[in-house]
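Here's the structure, in structure tokens; my notes come after.
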Amino acid sequence: MTDTGKILVGKQGGTTVLKLIGEIRVTLGPTISRFLGTFGKHQPMESLVIDLRETTLIDSTGLGVLAKISLAFEKEVHRLPTLVCTNPDLTRILLAMGFEHIFVLATDLEQMPNGAIELAAHQVSEQELRQQVIDAHRVLMGLNDHNEVVFRDLVTALENEASSSAPDHAASM
């Protein structure tokens, strides 16, 4: 049985809570990225909490998108978001990726704000999804030298695949 993922978002005062539930895979990347595009558009965010307590799996694209959210939030608000994780296996992965430098890591969250809603899934084309995977892994590569080595070949392969499947786009430039 596969544990499909979903994302809830809630707001309490100036704090936005993003709760990731189940398996957070590449297909949820566009939904998370769409959320990223809403920073400060409706109400200013004073703080951001990403709750991974019910996350059973997160792939490298999901990690890259989370890193991208952290970097964008820090640029906008000038403080680090909080990442709540109680799973020791996920915590080891977060530390290996260097997330302690871009998040405040915590193991507890009082509660999800009342009125939390599920973010609607956002579908994108195969090319857009591939580009998002590339972008997410580039963000991870920028976090530390270890990530640079681990993801370099994947990013190169995806970029080669993207350029070979692009319809004579380069010729028209």
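The values are calculated or read from the model by the stated rules, or taken from the named source; none is laboratory data. Please read these numbers as outputs of a predicted model, since none were measured by experiment. Backbone-built Cβ (ideal geometry, glycine too); neighbour counts: all protein chains shown.
Screening the range 63-79 for residues that are among the small types (Gly, Ala, Ser) and modelled with pLDDT of 90 or more and picking the one that is surrounded by the fewest Cβ atoms within 10 Å (Cβ to Cβ) gives SER70. Of all positions in the range 145-152, none carries a residue that is of a type in the set (A, V, I, L, M, F, W, C), under 14 Å from VAL26 (Cα atoms) and touching a Leu at 6+ places or on another chain (Cβ under 7 Å).
Summed over the range 120-147, the residues that are outside any helix (DSSP H, G or I) and at pLDDT 85 or above give a count of 3. Within the range 153-166, residues that are closer than 16 Å to SER125 by Cβ and of a type in the set (A, V, I, L, M) sit with their Cβ atoms under 9 Å from residues that are at pLDDT 90 or above and part of a helix (DSSP H, G or I), at 6+ positions apart or across chains, in these pairs: LEU158/ILE134; LEU158/HIS137; ALA162/ILE134. Residues that are closer than 18 Å to ASP59 by Cβ and among the basic types (Lys, Arg) within the range 73-107 comprise just one, ARG92. For the range 21-58, a residue qualifies if it is under 10 Å from the mean Cα position of the chain (by Cα) and either among the aliphatic types (A, V, I, L, M) or at pLDDT 90 or above (or both), and the qualifying residues are ILE24, VAL26, LEU28, ILE32, LEU36, ILE50, ILE58. A Cβ distance below 8 Å, combined with a sequence gap of six or more or placement on separate chains, defines the contacts here; from the range 72-88, residues that are more than 24 Å from GLU23 (Cβ to Cβ) reach residues that are of a type in the set (Ser, Thr, Tyr) and surrounded by 17 or more Cβ atoms within 10 Å (Cβ to Cβ) in the pairs VAL77/SER47; ARG79/SER47; LEU80/SER70.
Within the range 153-164, the set of residues being surrounded by fewer than 13 Cβ atoms within 10 Å (Cβ to Cβ) and modelled with pLDDT of 90 or more comprises ASP153, THR156, ALA157, ASN160.
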